[in-house]
There are 2 protein chains.
Amino acid sequence: MKKLRIAIAQINPTVGDFEGNTRKIIEYIDKAKGYGSDIVAFPELAITGYPPEDLLLKPQFIKDNIEALKRVQDETEGITAIVGFVDRKDDIFNAAAIIHDKAIIDVYHKMYLPNYGVFDEYRYFQVGTRYPIYQIDNVFFGVNICEDIWYPDGPTRVQALAGAEVIININASPYHIGKSAFRERMLSTRASDSTVVVAYINTVGGQDELVFDGHSLVIDEKGEIIARGKQFEEDLIIVDLDLEAVLMRRLHDPRRRQEVLAIEGAVEKIAIQAEKVEENFSLIPQRTNTILERMEEIYRALVLGTSDYVAKNNFKGVVIGLSGGVDSSLVAAIAVDAIGKENVTGIFMPSPYTSKESMEDTYEIAKNLGIKIIEVPIKGLFKTYLQSLEEEFKGLPPDATEENLQARIRGNILMAFSNKFGWLVLTTGNKSEMSVGYATLYGDMAGGFAVIKDVPKTMVYELCKWKNLKEWKTLIPERVLWKEPSAELKPDQKDTDTLPPYPVLDPILKAYVEEDRSFEEIMSLGCELECAQKVINMIDRSEYKRRQAPPGIKITPRAFGKDRRFPITNRYRSY
Amino acid sequence: MKKLRIAIAQINPTVGDFEGNTRKIIEYIDKAKGYGSDIVAFPELAITGYPPEDLLLKPQFIKDNIEALKRVQDETEGITAIVGFVDRKDDIFNAAAIIHDKAIIDVYHKMYLPNYGVFDEYRYFQVGTRYPIYQIDNVFFGVNICEDIWYPDGPTRVQALAGAEVIININASPYHIGKSAFRERMLSTRASDSTVVVAYINTVGGQDELVFDGHSLVIDEKGEIIARGKQFEEDLIIVDLDLEAVLMRRLHDPRRRQEVLAIEGAVEKIAIQAEKVEENFSLIPQRTNTILERMEEIYRALVLGTSDYVAKNNFKGVVIGLSGGVDSSLVAAIAVDAIGKENVTGIFMPSPYTSKESMEDTYEIAKNLGIKIIEVPIKGLFKTYLQSLEEEFKGLPPDATEENLQARIRGNILMAFSNKFGWLVLTTGNKSEMSVGYATLYGDMAGGFAVIKDVPKTMVYELCKWKNLKEWKTLIPERVLWKEPSAELKPDQKDTDTLPPYPVLDPILKAYVEEDRSFEEIMSLGCELECAQKVINMIDRSEYKRRQAPPGIKITPRAFGKDRRFPITNRYRSY
């Protein structure tokens, strides 16, 4: 009988934490042994965390990573472990060590290096050139890394044609909306195309702008998902594979014989001297968690991104400027789910233009969430600034200067609490504001982490409504959800004084920011000429603000930050 | 007689300004025609400006760039023009159009794409694979792009072996200290190695973090520099080449025959139907500007970076917080040289801890530079903040919170002037401070452009001294140069309360930040264990501040910003 027990260790490493990552890997190896697994597989660059960025340019970092791998190596008695690390030859490689019984059997080097979006792998790594496959007893398997499986004629295809019955594909694949479904479809096609079992291991956790969603998968040779790991949580998935089915199906594929000839000689076969686990086969129930529904998935991504940023950077708590608006309410709810209500403080900073409704809503949200709230009025400070500048600004009409001053006073107060108590300031700006620059630099943009910076305003509303439904209570008061959005920085101000309504704005932003659509294509969305021009102009001209914005969690296919690299000095106009 | 008149058009394009760039290119083509040039060569991506970054992902941008090239094409009657642009086939290429008499003769595609430091070319471009050479009458020349000439066995070598007597290498090569000498040495070696004349054309101008220094070169087949363009200015260099010498030298090279065989068939030869200019040959005097001395070179880089950031982003003037310290004094001097004293305003914002000396020095600097100065004391605002926070901070000792508050009040005041008058705020932090995070986010770090962010403190002093010598007067008062540096945010504060003296600090920073040295190597600089650990720890932990810093001018081999990409969430410690 051709069978294999594989353990998928979907762990949450921290970048640069060799001690912690190694400890965690060893702990999961022990657990996998406890389940009698033949193989335990860890994510891409599990040793270093992903992405290590320019830490990879430090020779000492590479050396320390290899020493960490050695410590893992010593704990592999009786099991085969696949561990992502940085290999060093004459250059460095994004690599997977295939370790058995305290010996490194082989090292696979990633062949397809992503260098788009948030990825910069050509900056660091040399390209791999080998397609090895490995043999344990009568089972053949191949190992490859992340992007390697995204190409139909990549190593998965070659290794499967050379006889691999299982492909272990290790990943650090960041989350964005819609990616889960795409990945499942693509991986299923790879499996059925090559009649091979695919074990897809993804890392989990937040790292600066990125959230890795886990959601590891085992897919059989027909393309059916037979196991699915948790989303946004660490997980260990044990799967028993019956590989007779692979051979059976391959015997019925007449084209395969021809194709095998084409890769003849391209693949090395390496034997691993291991005894396969024979007992209790298939007694472990396969587990296929269902996929979270859309809003919950997004919300969970935001929660994990926030909790990991706080924890991995050792903050004691967070502080949020609460305004009674929908953005700060959502951020506060996420923060409470991320780190617990006792670690979240809200600061309410009313100005002369703050409405009674905003005050009531702020206190109600704080009460509903069970967080502490502190009130610091800014009226006196605002007056003192105006007096200090009176002489220089004499005779000039009020403009954005006075609005920004209020936002910046609030920024300073939040930062004072941050400095005094060691709290991280969470900013509350959404993607719509970030896109058009409807935010004050050093004002409401002041803070360490921008939780919803990649969430369009219309989606902020959706998330609030979903959260209220989920909790079976109006955590975020109804009035917050239907009152007109306002920055409340001058009398009777509304967002629509400056911007088109968000349901009109957000599709333009998506087309321009995320999809690089031309002006004609944007006009075809049905907006007015002047409106489209104004919006695009605002986006182009606020790059300088975004450059100084805190990092925030990527949830769309294209976020700001590393994902969208625009010049500030830029005279290009699309219309 | 084998001869050629070549015009090197060292221009300053603006990213995305197709209209302006095209106009400038056509203007230089006309000038080159006026000098009877056979060939006029423009920098890499002259049409789009460099680097266009993610604008390259917009199909409309690529299309507009090709239309701009067509407008240039129409103005090439009677001359051969080499123009950098983005070519579009099934993918896009960093390309050079070889145009003659309104027809595109050929398009060369860059083969070596830089993807390190500030460069991300693999993110955008496909790699070129062709090595064409061109013939005008009896002269053969090759064209290649920037990095292509940095590889000894790259296209320069192949094209020269195939018969090219001149290599036209077009560039957008950013400045850093020491690069000029390295480039001259390397290019001379390429020329003599392959017995070929090298015409190296570099762009000039500031673009966000980068300054392109011009400094174009023509080097003869023996490796001797025969013409050198201006540094940090636009220039048109006309050079007459007598290419008999190339053939003569090649006839004396016995190894060459063997090597030519090896590249047989690799190169296409393309004829350009042109009549060479025959009159006035060598009547144009060759021009070899001398290289600026080190301090002047750095200063000029800072001036150009600043003036172009201001001009290309359409600012009306700049505003600088003057403290009487060496950093703000240098920034003010640079600003005056960049955009004229009438466009520079200094704001002096004394706190309760500001010394009498600082006040006197501030006014003296403003007087010496001839700039307007406005005084806005912050004592009242500071007091109002303390009162607003009194209740919440009750019983807690003063700490960095109160220091940061003062810096942030100043940040707000500067930004108010910026908002009210449309002035760009220049920040005054140096590289030493940026490295260790000795700066207040949203305080002294608040502003649009960080002029000396890549200048170590010890070099700030050197530059000030050089400037005083250069001007034959003490523009920056002597006391500013010898008094002990202090942030003046609490009584009797000195930088050395927190940091080692700058002559000790700066070498550690260079080793760690610019050179990625290990802890042992840093210790070998002779510093104390605790001091080295403390400094490295400060650098690692202040990445979050740098992420929100304004852009500034790269002058060292490794600046912050695009040049050094570190994770914020990072548990790696080098010691």
Fill in the blank from the handout: The local net charge around B:TYR572, scoring Lys/Arg +1 and Asp/Glu -1 for residues other than B:TYR572 whose Cβ lies under 15 Å from its Cβ, equals -1
Fill in the blank from the handout: Here Rg/Rh (Cα, Kirkwood) for segment A:3-272 equals 0.94
Handout entry: Net charge, A:SER173 excluded, C-beta distance under 10 Å - Lys, Arg +1, Asp, Glu -1
Key = -1
Fill in the blank from the handout: A student asked for the Cα radius of gyration and Dmax of segment A:314-354 in angstrom ought to give 11.1, 37
Practice task
Give the distance, in whole Å, between the Cα centre of segment B:24-50 and the Cα centre of segment B:367-398.
Solution key: 54
Exercise for the section: Enumerate the amide H contacts of B:ASP208 below 5 Å, restricted to partners 5 or more residues apart or on another chain; note that Pro and chain-start residues carry no placed amide H. Expected result: A:THR569
Handout entry: Under Karplus coefficients 6.51, -1.76 and 1.60, residue-wise ³J(HN,Hα) of segment B:531-543 in Hz, glycine/proline x
Key = 5, 4, 4, 4, 5, 4, 4, 4, 4, 4, 7, 9, 4
Problem - Average beta carbon contacts from partner chains per residue of B:404-411, 10 Å cutoff - result: 4
Handout entry: Kirkwood-type radius of chain B, with distances r between different C-alpha atoms, in Å
Key = 25.8
Exercise for the section: Determine the distance separating the Cα centre of segment B:189-254 from the Cα centre of segment B:414-486; give it in Å without decimals. Expected result: 36
Completion exercise
For the protein assembly as shown, the dipole about the Cα centre with charges only on Cβ (Lys and Arg +1, Asp and Glu -1), to the nearest 20 debye, works out at 740
Practice task
Would you order A:PHE18, A:PHE421, A:PHE182, A:PHE141 from fewest to most other beta-carbon atoms within 10 Å of each residue's own beta-carbon?
Solution key: A:PHE182, A:PHE421, A:PHE18, A:PHE141
Practice task
Mind running the shape call on segment A:232-282? Use the C-alpha gyration tensor, a ≥ b ≥ c as the square roots of the eigenvalues: rounded below 1.5 for a/c, prolate if a/b tops b/c, oblate otherwise.
Solution key: prolate
Practice task
Between copies, how far apart are the A:ARG255 label points? List them in nm, one decimal, shortest first, with each point 7 Å from Cα toward Cβ, please?
Solution key: 5.3
Completion exercise
Neighbour-count ranking for A:VAL86, A:VAL455 (other C-beta within 10 angstrom, fewest to most) reads A:VAL86, A:VAL455
Handout entry: Förster radius 41 Å - calculated FRET efficiency between A:MET186 and B:ALA311 (Cβ-Cβ, nearest 0.05)
Key = 0.25
Practice task
Report relative contact order for segment A:3-272 in percent, whole number only (criteria: Cα-Cα under 8 Å, sequence separation at least 6).
Solution key: 20
Practice task
Compute the signed sum of charges (Lys and Arg +1, Asp and Glu -1) over the other residues within less than 9 Å, Cβ to Cβ, of A:GLU147.
Solution key: -1
Handout entry: Volume per residue that the Cα convex hull of segment A:274-411 spans, once the total is divided by residue count, Å³
Key = 212
Handout entry: Likely footprinting exposure, B:MET523, B:MET359, fewest C-beta neighbours within 10 Å first
Key = B:MET359, B:MET523
Problem - Helix-only mean residue ellipticity at 222 nm for chain B, each DSSP H run of n ≥ 4 adding -39500 (n - 2.57), per residue, nearest 500 - result: -11000 deg cm²/dmol
Fill in the blank from the handout: At q = 0.17, 0.19, 0.24 1/Å the base-10 log of I(q)/I(0) from the Debye formula over the alpha-carbon atoms of segment B:472-536 is -0.71, -0.79, -0.97
Handout entry: B:LEU386/A:ASP492 FRET efficiency (R0 41 Å; Cβ-Cβ; nearest 0.05)
Key = 0.80
Problem - Phi to ³J(HN,Hα) by Karplus 6.51 cos²θ - 1.76 cosθ + 1.60 over segment B:474-486, Hz, x for Gly, Pro - result: 7, 4, 9, x, 3, 4, 4, 7, 10, 5, 6, x, 8
Problem - For the protein assembly as shown, Kirkwood radius (reciprocal of mean inverse C-alpha pair distance, Å) - result: 32.1
Fill in the blank from the handout: Row for segment A:294-547, column shape: gyration tensor on C-alpha, a ≥ b ≥ c, rounded if a/c < 1.5 i.e. under 1.5, prolate if a/b over b/c, else oblate; value oblate
Practice task
Check each of the chymotrypsin sites (Phe, Trp or Tyr not before Pro) in segment B:273-376 and keep only those in coil by DSSP with at most 12 other C-beta atoms within 10 angstrom; list them in order.
Solution key: none
Completion exercise
Once phi for every residue in segment A:492-501 is put through the Karplus expression 6.51 cos²θ - 1.76 cosθ + 1.60 (θ = phi - 60°), the whole-Hz ³J(HN,Hα) values, with Gly and Pro written as x, are 6, 5, 10, 4, 6, 5, 10, 10, x, x
Exercise for the section: List the distances, in nm to one decimal, from the label point of A:LYS394 to the label points of the same position in every other copy, shortest first, placing each label point 7 Å from Cα along the Cα-to-Cβ direction. Expected result: 4.2
Completion exercise
Output row for A:LYS102: copy-to-copy label distances, label 7 Å along Cα→C-beta, ascending, in nanometres, one decimal, is 8.2
Practice task
Amide H neighbours of B:GLU375 under 5 Å, at least 5 residues apart or on other chains, H built in the peptide plane: list them.
Solution key: B:PHE348
Practice task
Amide H neighbours of B:ILE105 under 5 Å, at least 5 residues apart or on other chains, H built in the peptide plane: list them.
Solution key: B:ILE98, B:ILE99, B:HIS100
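Here, each number is a calculation from the coordinates, and none is a lab measurement. Here the structure is a predicted model, which means the values were calculated and not measured. Methodologically, a virtual Cβ is constructed for each residue, glycine included, from the backbone with ideal geometry; neighbour enumeration extends over all protein chains shown.
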